[in-house]
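Heads up, the thing below is written out as structure tokens.
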Amino acid sequence: MRANFLQEQDRLLRTVVSAKRILSAVNTAKRNAENLRRLEELQRRMDTTPFDKEFSGHDYAYLNLTKYRLVHDGPLTCRFNRGKMIELHVVLLENMLVFLTKHSDGNKLQLKTLEPSKETKWSPIMPLAPLIAKEKANDKRAFFLVFNSQYGAQIYELVAATATERKT
């Protein structure tokens with residue numbers, strides 16, 4: 001009788017482990033499908049014309065977001081010196097960060113260079129490897145991104161709507 005109980009307990013434990021594995025696989029598949037759907041939506045809304053004209057030979061010219069894995073996306077504001085601010089929709093992919101500028105019609109997102117000043121242009125696509133993120137000490141909603149490129153360092157001050165959103 002004790003042996004039957006132990007066998008039954010062992011079968012139940014293996015069943016629970018298998019059910020957890022299946023649930024994890026289903027959740028992963030669901031998350032991947034939702035992320036792909038989101039990337040397809042962003043791709044439909046994205047206008048790459050300004051970027052493609054300026055950077056036709058660039059590695060990311062004619063960018064297709066659906067070829068990458070989405071990590072996170074959402075709104076941020078980019079603050080430049082002298083109070084200039086640009087509303088962005090930021091897309092964090094597995095290997096790059098993409099800044100999309102909200103178009104005047106509200107539905108389109110443009111992939112175009114950011115211009116903190118008349119003589120400075122920054123690419124809206126950055127590989128993650130050279131990026132460094134630092135919190136801004138006196139603003140719980142803001143953080144800095146430092147991008148080291150062959151043209152020198154670029155420092156982006158980004159502001160989230162809330163301190164909680166900044167952490168995501």
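No lab work stands behind these numbers, since they all come straight from the coordinates. In this text, all values refer to a predicted model and were calculated from it rather than measured experimentally. No Cβ is skipped: glycine too gets one built from the backbone with ideal geometry, and neighbour counts run over all protein chains shown.
Add +1 for every Lys or Arg and -1 for every Asp or Glu among the other residues with Cβ under 14 Å from the Cβ of Ala142, and state the total. Walk me through the intermediate numbers first.
Working: positive: Arg79, Lys134, Lys136, Lys140, Arg141, Arg166, Lys167; negative: Glu135, Asp139, Glu157, Glu165.
Once all neighbours under 14 Å are counted, the net charge is +3.
Output the peptides 40-47, 29-36 sorted from most to least packed, where packing is the average of other Cβ atoms within 10 Å over each peptide's residues.
Values: 40-47: 15.0, 29-36: 12.0.
In decreasing order of mean packing, 40-47, 29-36 become 40-47, 29-36.
Which net charge results when you count Lys and Arg as +1 and Asp and Glu as -1 among the other residues whose beta-carbon is under 14 Å from that of Glu8?
Details: positive: Arg2, Arg11, Arg14; negative: Asp10.
Here the charged neighbours net out to +2.
In debye, nearest 20, what is the charge dipole magnitude of the chain about its Cα centre with +1 on Lys and Arg Cβ and -1 on Asp and Glu Cβ, if you could check?
Magnitude of the dipole: close to 520 debye.
When only Cα pairs under 8 Å and 6 or more residues apart are kept, what is the percent relative contact order across region 1-93?
Details: 56 pairs, mean separation 17.8, N = 93.
Answer for region 1-93 is 19 percent.
As a test, work out the antiparallel percent of DSSP beta bridges whose residues both lie in the chain, rounded to the nearest 5. Provide the component values of the computation, followed by the final result.
Numbers: 37 of 39 bridges.
Close to 95 percent.
Going by the alpha-carbon gyration tensor, a ≥ b ≥ c the square roots of its eigenvalues, is region 47-167 rounded (a/c under 1.5) or, if a/c is not under 1.5, prolate (a/b greater than b/c) versus oblate? All intermediate terms of the calculation are to be shown ahead of the outcome.
Details: a/c = 1.35, a/b = 1.30, b/c = 1.04.
Note, shape of region 47-167 comes out rounded.
For region 47-167, what's the relative contact order in percent, using C-alpha pairs closer than 8 Å and at least 6 residues apart?
Numbers: 214 pairs, mean separation 24.7, N = 121.
Result for region 47-167 is 20 percent.
Could you state the angle between the C-alpha long axis of helix 2-45 and the longest principal axis of the C-alpha atoms of the chain, as a value from 0 to 90 degrees rounded to the nearest 10?
Between the helix axis and the principal axis of the chain, the angle is about 20 degrees.
With a sphere of radius 14 Å drawn around the Cβ of Leu36, what net charge do the other residues whose Cβ falls strictly inside it have (Lys, Arg +1; Asp, Glu -1)? The partial results should precede the final answer.
Values: positive: Lys30, Arg31, Arg37, Arg38, Arg44, Lys67, Arg69; negative: Glu34, Glu40, Glu41, Asp73, Glu94.
Once positives and negatives cancel, what remains is +2.
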